[in-house]
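Asker: This structure is in structure tokens; I'll ask about it shortly.
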Amino acid sequence: MSAPIGAPVRRKEDHRFLTGRGTYTDDINRPGQLHAVFVRSPHAHAEIVRVEASAAKSAPGVVAIYSSADLVAAGLGTLPCGWAVKSKDGSPMAEPPHPVLAQGRVRHVGDPVAIVIAESRDQAQEASERVVVDYRPLPSVSAVDEAVKPGKPLVYDSVPGNICYDWHIGEQAPVDAAIAKAAHVVRLDIVNNRLIPNAMEPRAYIGEFDRGTGDYTLYTTCQNPHAIRLLMGAFVLHLPEHKLRVVAPDVGGGFGSKIYHYAEEAAVTWAAGQLGRPVKWVAERSESFVSDAQGRDHVTHAELALDKDGKFLALKVATLANLGGYISTFAPAVPTYLYATLLAGTYTTPAIYAEVKGVFTHTVPVDAYRGAGRPEASYLIERIVDQAARALKLDPAELRRRNFIATTAYPYQTPVALAYDSGDYFTTLDMALKDADYAGFEQRRAAAGRQGKLRGLGMASYIEACGVAPSAVAGALGARAGLYEVAAVRVNPTGSVTVLTGTHSHGQGHETTFAQLVSERLGMPVENIDVVHGDTARIPFGMGTYGSRSLPVGGSALVKALDKVVNKGKKIAAHLLEAAEADIEFKDGKFTVTGTDRAKAFGEIAFAAYVPHNYPLDELEPGLDEAAFYDPKNFTFPSGTHVCEVEIDQDTGEVRIVAFTAADDFGRIVNPMIVEGQVHGGLAQGIGQALLEECRYDRASGQLLTGSYMDYCMPRADNLPSFKVATHGTMCTHNPLGVKGCGEAGAIGAPGAVMNAVLDALAPLGITHIDMPASPEKIWRAMASRRTAKAA
Amino acid sequence: MYNFEYQQPKSVADAAKAIAGKADAKLMAGGMTLIPTLKQRLAKPTDVVDLGKIADLKGIKKDGNAIVIGAMTRHADVASSDVVKGAIPALADLAAHIGDPAVRNRGTCGGSIANNDPAADYPAGVLALNATIVTNKRKIAADDFFKGMFETALAADEIITAVSFPIPEKAAYMKFPNPASRYAIVGVFVAKTGPAVRVGVTGAAPSAFRQKDMEAALSKSFTGDAIKDVKQPQNGLNADIHASAEYRAHLVGVMAKRAVAKAG
């Protein structure tokens, strides 16, 4: 069945996933495979006095134990950072080395100190408990606002004040001037809570070495195998690309946490070479909690200046961003170029200035997590806009409308570097308000009040930037990689198609969505199209999947490659049909001489290309196999409005979401069913951040207090309402499909909408701010203190 | 998980024999606490004696004015039992809200009571209903059974065989779950039998306890209003990142009032 763009095609990959026939890394077992277990630091900060492994080495089944000294002796490099940020004064960020195994000091609970390799996993685990590490514990600091205070423990002796960089964007003087003389200034101190990613599949790796060829292979749960090949090969193991293959098979969720090059990848690959046998490591869930890069963790002060009519005049933002104990692969970019550049939001604020300090602490490294910087920006803006509406006694929807960028203003240059190409924030706001029955809300509030409940409604009109680009601009801003994408369309001799994409699907449904692009263009059923990803030996090249880039960037590369296939097909058809190439048109899977019924089916052209008996061999190569690289001209800018309605139990402080409405602009939509699924998942994560999730470290010891699902609260089905979702697409103007990306929007819009609803419900009590997550006790305390204050 | 000897005795006597004299042997009922503990290598028993094959320990029956639940009866069976729903619907309701479906299809009444997790649901019901814990050696009154955090009156080689719950006039259980683990931050079970009212509280303190001030007030008038001024002291209550002692104390009052209202 042909399945064109816009059809809600059922996901081709689901049958294998739902019937347990997917192949995840842990499903792969290589002949002679050994098993690794890592010895990890129990301390947030300590000096490693001694690693004593002799007793462990004699334990049953143990093949090898390595610590940092072994890796240094072997000449291994350290884990590289993929994006360097410069401070205000032009100086480069502090970039202390991130060793594969801790050298001299451990810098967070879970920091790997040694790798134990044995015949079985149990044996490796038994032996790992016999490795004696003599630590001298040192004072630690885990909270970002503590770490910058004078006299606090330093994560690196060479980095004063724990400040990795002190970055800024925008012009300060006009912002200060506007704030000084504005009719209204709204101020907000706000925390963006740290999150633990929790992909369903924990990280897992197998390193392998072929003693015959000297080739290495890494099977890895990653979102971007080519990037891992480059990072690990060039910087850590010093292996050229042609001697290193990276395979990312089926991967069970990433949300950003599987973008980065992790120590365990390098350790198992190197060890496989040392031992001449494959080495497998699979994270335990409790290890994931202390070793997967975490998300968010900002402390921010913001000031919004408005004129007497509520027009935004200026926004000033100062943010402390927690980077953790080491710089993770893309960490520096997240609270800078993916955060502060979004501070205009959907509004015409003419002057914006933001300062961001990236701060080391004795915690697990922080990096991009679903939305990466954009949820932090959107949450801040949408909270302060709501505060302003309350201060000016304006309808929050009306205040937003007064400040939205006009639909006629595109391209729109913001004061913080980005230029938006298209959008229509008015329509998505109106749609969301209508679907949420905004007009009837006060009646519902009154009815809830009669039941003793506090009801509130909140909205967030978010914008995000997807598909970091163009490469040249990203490079000028510190990116150490290109940000294009690659696709190859291999037409097989009998007419079926294999697509090779440099993006990676770990839940997104690319095998279906990308097949629809081919189906639309070549007029063939999706059953005849296979989409292959996740193997550097099969895919020409690619940068992987993150930042909602796969369709805007990878899809665009695929369209370019399809163009080449069709163009070559026309040449072949012209020869076979004895017509001029200019007279050949391609439609519905057929090459036709314009104005005639003379035609060749796509399959006939494919066959002729591979069996070129009647073929213009003098002018044209045989075969029908085309590849394309696509470097985007700009980011894409999905946007929309989310509306949340909550009820608060006055006795317990518990929040229940009673309705959630989303109206999103994702540009053109290829598969509306997959898009709806992405929105639902994003909303669940955004609601999780707002109400439930919080990664907490003990302030004194740096111990992780939320180290399992007993204490780290993931959102569950009964925490969520039935979502009402709708879309209104304005086309992206600079990519061939007009697509914008949809993977992160839910997590970006939801936190602001939920918290604005909570604070709307609490407004009658005079409560103006609560930080996420809005846990029952926090709300109960705020209500109790207001009641006490009123009574006094 | 460390290695251990695994046994599946067919009778209570054989189970008692299997653990006799072994300091580090563990009885396993549903395993809903023990198995995760083993998987995390937090326990290293020499022997695990699985009670799952002892048919005598399973089942629910009405015995005079009491409901007797075999120690190895799963939460799902209690929740769906017409006998329990007819006689003590509050107890079926309690069982229906323990953990999640997977836990309810493995976890057992006896296992929960013997473990005495401070946040488990059953202890509140056992105390409020004035249940009797029957073991292979004796009968223990509810008030004498729960001794402290994860501590009970059970001897090392003593095995719960059944729990006998007297049928009250009316009863109800209300819990405020921990949002992450869904264990009770506070759970309050109220039961009225004739003029006597018993209030069992779980989650709030290191071990389940009776709220006797509320019992006195409710014995005079079984209404929410009767306890609106009864303050649960926060002294000695649990405190963690999810709920302070002060908040738990407050929730004891809220859940008690709601339980009274629910009991009707």
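Asker: List, please: which pairs have Cβ atoms under 6 Å, are six or more places apart or on different chains, and start with a residue in the stretch B:29-45 that is within 11 Å of chain A (Cβ to nearest Cβ) and buried (at least 18 other Cβ atoms within 10 Å of the Cβ) and end with one that is of a type in the set (A, V, I, L, M) and in a loop (DSSP other than H, G, I, E, B)?
Answerer: Short answer, once both residue conditions are applied: none.
Asker: Let me ask another. Taking A:Leu79 and the conditions (1) buried (at least 23 other Cβ atoms within 10 Å of the Cβ); (2) in contact with a strand residue (DSSP E or B) (Cβ under 6 Å, 6 or more places away or on another chain); (3) hydrophobic (A, V, I, L, M, F, W, C), which numbered condition does it fall short on, given that it satisfies the others?
Answerer: Answer for A:Leu79: the failing condition is (2).
Asker: Do we have A:Ala757 as surrounded by 20 or more Cβ atoms within 10 Å (Cβ to Cβ), among the small types (Gly, Ala, Ser) and modelled with pLDDT of 95 or more here?
Answerer: Taking the combined requirement at face value, the residue satisfies it.
Asker: Sticking with this one: Considering only residues that are within 14 Å of chain B (Cβ to nearest Cβ) and either out of contact with any His (no Cβ under 8 Å at 6 or more places or on another chain) or closer than 11 Å to A:Ile48 by Cβ (or both), which ones fall in the stretch A:98-132? If you could, list the steps in order and put the result at the bottom.
Answerer: Narrowing the stretch A:98-132 to residues within 14 Å of chain B (Cβ to nearest Cβ): A:120-130.
Result: A:Asp122, A:Gln125, A:Glu126, A:Ala127, A:Ser128, A:Glu129, A:Arg130.
Asker: Let me ask another. Run down A:Val532, A:Val566 and say which single residue is among the hydrophobic types (A, V, I, L, M, F, W, C) and under 25 Å from A:Glu13 (Cα atoms).
Answerer: Answer to the selection: A:Val532.
Asker: Which one of A:Val611, A:Val553 is under 17 Å from A:Thr494 (Cα atoms) and under 46 Å from the mean Cα position of the chain (by Cα)?
Answerer: Answer to the check: A:Val611.
Asker: Separate question: Any residue in the stretch A:722-741 that is away from every other protein chain (no Cβ under 14 Å), surrounded by 24 or more Cβ atoms within 10 Å (Cβ to Cβ) and basic (Lys, Arg)?
Answerer: The initial filter retains those residues of the stretch A:722-741 that are away from every other protein chain (no Cβ under 14 Å), namely A:722-741.
Checking which are surrounded by 24 or more Cβ atoms within 10 Å (Cβ to Cβ) leaves us with A:732, A:735, A:739-741.
Within this subset, residues satisfying the condition of being basic (Lys, Arg) are A:740.
There is at least one residue in the stretch A:722-741 that is away from every other protein chain (no Cβ under 14 Å), surrounded by 24 or more Cβ atoms within 10 Å (Cβ to Cβ) and basic (Lys, Arg).
Asker: Please work out which residue is nearest to B:Phe145 (Cα to Cα), limiting yourself to the stretch B:102-113 and to residues that are outside any helix (DSSP H, G or I) and under 12 Å from the mean Cα position of the chain (by Cα).
Answerer: From the stretch B:102-113, those outside any helix (DSSP H, G or I) are B:105-108; that's our starting set.
With under 12 Å from the mean Cα position of the chain (by Cα) added as a condition, the list becomes B:107-108.
Values: B:Gly107: 20, B:Thr108: 17 Å.
So the residue we want is B:Thr108.
Asker: Evaluate the following for A:Asp597: is it under 30 Å from A:Pro411 (Cα atoms) and either at pLDDT below 95 or surrounded by fewer than 17 Cβ atoms within 10 Å (Cβ to Cβ) (or both)?
Answerer: No: the conditions fail for A:Asp597.
Asker: Say whether the condition of being surrounded by fewer than 20 Cβ atoms within 10 Å (Cβ to Cβ), more than 13 Å from chain B (Cβ to nearest Cβ) and not β-branched (Val, Ile, Thr) is met by at least one residue in the stretch A:704-717.
Answerer: No - not one qualifying residue is present in the stretch A:704-717.
Asker: Right, something else. Please determine, by comparing only the residues of the stretch B:216-256 that are under 21 Å from the mean Cα position of the chain (by Cα) and assigned to a helix (DSSP H, G or I), which one is nearest to A:Asp711 (Cα to Cα).
Answerer: Out of the qualifying residues, it is B:Arg248.
Asker: Out of the residues in the stretch A:758-788 that are in contact with a helix residue (DSSP H, G or I) (Cβ under 6 Å, 6 or more places away or on another chain) and charged (D, E, K, R), state the one that is farthest from the other protein chains (Cβ to nearest Cβ).
Answerer: In this case the residue turns out to be A:Arg786.
Asker: Further question on the same structure: Working only within the stretch A:649-670, note down all residues that are under 14 Å from A:Gly456 (Cβ atoms) and within 14 Å of chain B (Cβ to nearest Cβ).
Answerer: A:Asp649, A:Gln650, A:Gly653, A:Glu654, A:Val655, A:Arg656, A:Ile657
Asker: In the stretch B:114-205, which strands (runs of 3 or more DSSP E) lie fully inside it and hold 1 or more residues that are within 14 Å of chain A (Cβ to nearest Cβ), within 30 Å of A:Glu777 (Cβ to Cβ) and modelled with pLDDT of 95 or more?
Answerer: Hits in the stretch B:114-205: B:170-177, B:184-193.
Asker: Next question, about the same structure. State whether the residues of the stretch B:5-24 include one that is loosely packed, with under 13 Cβ neighbours inside 10 Å and among the hydroxyl-bearing types (Ser, Thr, Tyr).
Answerer: Yes; the residues of the stretch B:5-24 include at least one that is loosely packed, with under 13 Cβ neighbours inside 10 Å and among the hydroxyl-bearing types (Ser, Thr, Tyr).
Asker: Looking at A:Arg699, is it away from chain B (no Cβ under 14 Å) and basic (Lys, Arg)?
Answerer: On the way: away from chain B (no Cβ under 14 Å): no; basic (Lys, Arg): yes.
So A:Arg699 does not fit the description; no.
The values are calculated or read from the model by the stated rules, or taken from the named source; none is laboratory data. Predicted model only: the values in this text are computed from it and were never measured. Ideal geometry is used to build each Cβ from the backbone, glycine not excepted, and the neighbour counts take in all protein chains shown.
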